[in-house]
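Undergrad: Below: one structure in structure tokens.
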Amino acid sequence: MLKLLKLRWICVWLLWTCAVVLAEEPVLIGSRRELFVDKFLVERLDNATLKLHDPTKATHPKSPLIGGYATVIKDGDLFRAVYRSYDPSYEGARYDGDPSEMTCYTESRDGHEWTQPKLGIVEINGSRENNVILRASPFSTNFSPFLDNRPDVPVDQRFKATAGLSDSAVKHIQTTKPGEAKGAKGGLYTFVSPDCIHWRQLSQEPAITMTEFGFDSQNVSFWSPSENLFVCYFRSWTNGLRSISRATSPDFVTWSTPMPPFPNLPGEHLYTSQTHPYFRAPHLSVALPTRFHPDRGDSTDILLMTSRGPAPFDRTFREAFIRPGLDRARWGNRSNYAALNVVPTSPEEMSVYHVGSGDRFVLRTDGFASVHAGADVGELLTRPLRFTGKELVVNYSTSAAGSVRVEVQDASGKPIPGFTLADSRNLVGDAIEQLVSWTKGSNVSSLAGQSVRLRFVMHEADLFAIQFRQ
């Protein structure tokens with residue numbers, strides 16, 4: 001079965017690669033924001049590179065998201081977080097799905113300071129004065145919610161979640177600790193909630209189940225607007241390596257046969273994928289998997305991968321995104337997990353929550369990676385593309401001596417009069433959204449719908465994202 005799935009996925013990958021590389025038709029970007037986290041729009045780089053940027057540890061207090069898998073959701077003006085914790089009074093054996101595991105809830109108004117409300121839902125050691133929302137083996141081991149923000153979603157299903165373990169793990173619990181798994185079968189189950197606090201089980205039988213897959217990790221799901229489907233990424237095995245597989249559903253009830261995207265590099269183990277739509281460009285999925293090194297004392301670090309719809313994960317950046325750092329406690333197994341979702345914590349800042357340490361790491365908005373030019377002038381030429389809108393805005397940064405200029409060419413590479421490099425106004429500075437203009441102004445609506453290329457000439461500069469807008 002796995003060999004057949006692998007062959008099918010290789011065919012998908014080949015078709016995708018051929019479509020991107022060989023297609024003569026322009027890339028249709030419309031008014032989408034496009035980030036330079038991959039080579040999707042890149043035709044040529046001259047004396048410029050794609051650069052992965054390092055998240056910076058915030059100085060604010062640590063978050064309560066320590067000890068297990070965690071999810072952070074921005075719901076309007078409120079940050080909601082769900083995470084695994086443990087009953088401190090439990091003295092039995094520890095394993096995935098053990099009775100000590102609890103699913104807890106916390107919230108914040110700014111993503112910095114967190115409040116743990118007393119919810120009165122679950123009794124722990126004789127008291128309901130706690131923030132526990134679920135205590136049910138084996139679901140509390142990896143309960144992973146998301147916000148379904150489609151306009152027609154029933155109010156009582158605004159939040160959805162998956163949870164569960166492999167068949168072998170559940171059987172082990174039932175054999176060694178009868179009754180603790182409460183009759184659950186192996187696989188992933190689904191849940192729904194109106195408020196991310198009060199949950200009910202949607203599927204009484206596993207929604208996704210195959211004996212070849214592990215599920216023992218944080219298995220994540222979301223609505224993919226570019227595919228018009230629900231998507232679930234979960235832990236699996238591929239050729240003896242810990243890996244990631246994918247299934248889809250039109251209704252969060254019936255799921256497709258899982259497919260392994262094979263994101264692993266040779267000999268590489270990947271845990272929690274933490275795949276999710278990027279909040280400013282939901283057609284682009286961002287993944288922050290934990291990379292496991294069993295030959296190095298079981299040490300771990302965190303990577304950055306991306307994906308566009310059903311396409312395989314892009315591995316443009318193969319090095320670590322978040323390193324273990326100076327704290328020796330983060331050089332062991334299970335010491336480096338990112339919480340699910342990168343979220344905006346100011347107009348200029350987005351945050352990644354580190355579950356192993358409770359630290360919050362920050363990047364500039366859209367700032368995962370950039371097209372980078374140094375002291376010598378560099379250039380980016382895009383593939384032919386078609387857009388809608390009347391203005392081009394860029395997320396960029398230069399040094400005091402640096403600059404960015406933009407030329408619009410036709411599909412053959414000929415500069416379009418009025419939008420040539422000589423007409424371009426120098427961009428010098430740092431902005432999340434900077435309007436591009438030429439001698440005659442910024443209106444590019446006369447070019448909308450045509451096949452054009454963008455040429456960026458850069459000096460001591462980084463280009464993070466572009467967008468055509470109305």
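The values are calculated or read from the model by the stated rules, or taken from the named source; none is laboratory data. From a predicted model like this one, the values you see are computed outputs, not experimental measurements. With ideal geometry, Cβ positions are generated from the backbone for all residues, glycine too; neighbour counts draw on all protein chains shown.
Undergrad: In segment 219-233, which residues are in contact with a Gly (Cβ under 8 Å, 6 or more places away or on another chain) and buried (at least 24 other Cβ atoms within 10 Å of the Cβ)? Give the derivation first.
TA: Of segment 219-233, the ones in contact with a Gly (Cβ under 8 Å, 6 or more places away or on another chain) are 219, 224, 226-227.
Result: Asn219, single match.
Undergrad: Trp255 versus (1) part of a strand (DSSP E or B); (2) closer than 19 Å to Asn142 by Cβ; (3) touching a Cys at 6+ places or on another chain (Cβ under 9 Å); (4) not basic (Lys, Arg): which is the lone unmet condition?
TA: The one condition Trp255 does not meet is (1).
Undergrad: Only one residue in Phe456, Phe419 is surrounded by 19 or more Cβ atoms within 10 Å (Cβ to Cβ), assigned to a loop (DSSP other than H, G, I, E, B) and not polar (S, T, N, Q), so which one is that?
TA: Numbers: Phe456 fails: assigned to a loop (DSSP other than H, G, I, E, B).
Residue meeting the stated conditions: Phe419.
Undergrad: Further question: Do we have any residue at all in segment 238-252 that's in contact (Cβ under 8 Å) with a residue 40 or more places away in the chain, in a loop (DSSP other than H, G, I, E, B) and surrounded by fewer than 20 Cβ atoms within 10 Å (Cβ to Cβ)?
TA: Checking segment 238-252: not a single residue is in contact (Cβ under 8 Å) with a residue 40 or more places away in the chain, in a loop (DSSP other than H, G, I, E, B) and surrounded by fewer than 20 Cβ atoms within 10 Å (Cβ to Cβ).
The rows are residues; the columns are (1) assigned by TED's automatic domain parsing to the domain that holds Gly187; (2) surrounded by fewer than 23 Cβ atoms within 10 Å (Cβ to Cβ); (3) closer than 25 Å to Arg94 by Cα; (4) acidic (Asp, Glu).
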position: Asn130; (1), (2), (3), (4): yes, yes, yes, no
position: Thr141; (1), (2), (3), (4): yes, no, yes, no
position: Pro151; (1), (2), (3), (4): yes, yes, no, no
position: Arg158; (1), (2), (3), (4): yes, yes, no, no
position: Ala161; (1), (2), (3), (4): yes, no, yes, no
position: Lys171; (1), (2), (3), (4): yes, yes, yes, no
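Undergrad: Would you pick out the residues in segment 284-295 that are more than 16 Å from the chain's Cα centre (by Cα) and surrounded by 24 or more Cβ atoms within 10 Å (Cβ to Cβ)? Even if it seems obvious, please write down each step before you answer.
TA: Going residue by residue through segment 284-295, those that are more than 16 Å from the chain's Cα centre (by Cα) are 292-295.
The answer is none; no residue qualifies.
Undergrad: Cβ-Cβ below 7 Å, separation at least six or inter-chain, first residue in segment 100-113 and over 17 Å from Phe361 (Cα atoms), second of a type in the set (S, T, N, Q) and surrounded by fewer than 17 Cβ atoms within 10 Å (Cβ to Cβ): which pairs?
TA: Pairs that qualify, where the first residue is over 17 Å from Phe361 (Cα atoms) and the partner is of a type in the set (S, T, N, Q) and surrounded by fewer than 17 Cβ atoms within 10 Å (Cβ to Cβ), are Thr106/Thr115; Thr106/Gln116; Glu107/Thr115.
Undergrad: Can you say whether Ser217 is at pLDDT below 95 and within 24 Å of Tyr83 (Cα to Cα), as far as the supplied structure shows?
TA: Details: at pLDDT below 95: yes; within 24 Å of Tyr83 (Cα to Cα): yes.
So Ser217 fits the description; yes.
Undergrad: Output the residues belonging to segment 288-346 that are out of contact with any His (no Cβ under 6 Å at 6 or more places or on another chain) and of a type in the set (Phe, Trp, Tyr).
TA: Within segment 288-346, Phe313, Phe317, Phe321, Trp331, Tyr337 meet the criteria.
Undergrad: Take the residues in segment 296-334 that are among the aliphatic types (A, V, I, L, M) and at pLDDT below 95; name whichever of them is nearest to the chain's Cα centre (by Cα).
TA: Step one: list which residues in segment 296-334 are among the aliphatic types (A, V, I, L, M), which gives 302-305, 311, 320, 322, 326, 329.
Still in the list and also at pLDDT below 95: 311, 326, 329.
Details: Ala311: 14, Leu326: 26, Ala329: 25 Å.
Of everything passing the filter in segment 296-334, Ala311 is nearest to the chain's Cα centre (by Cα).
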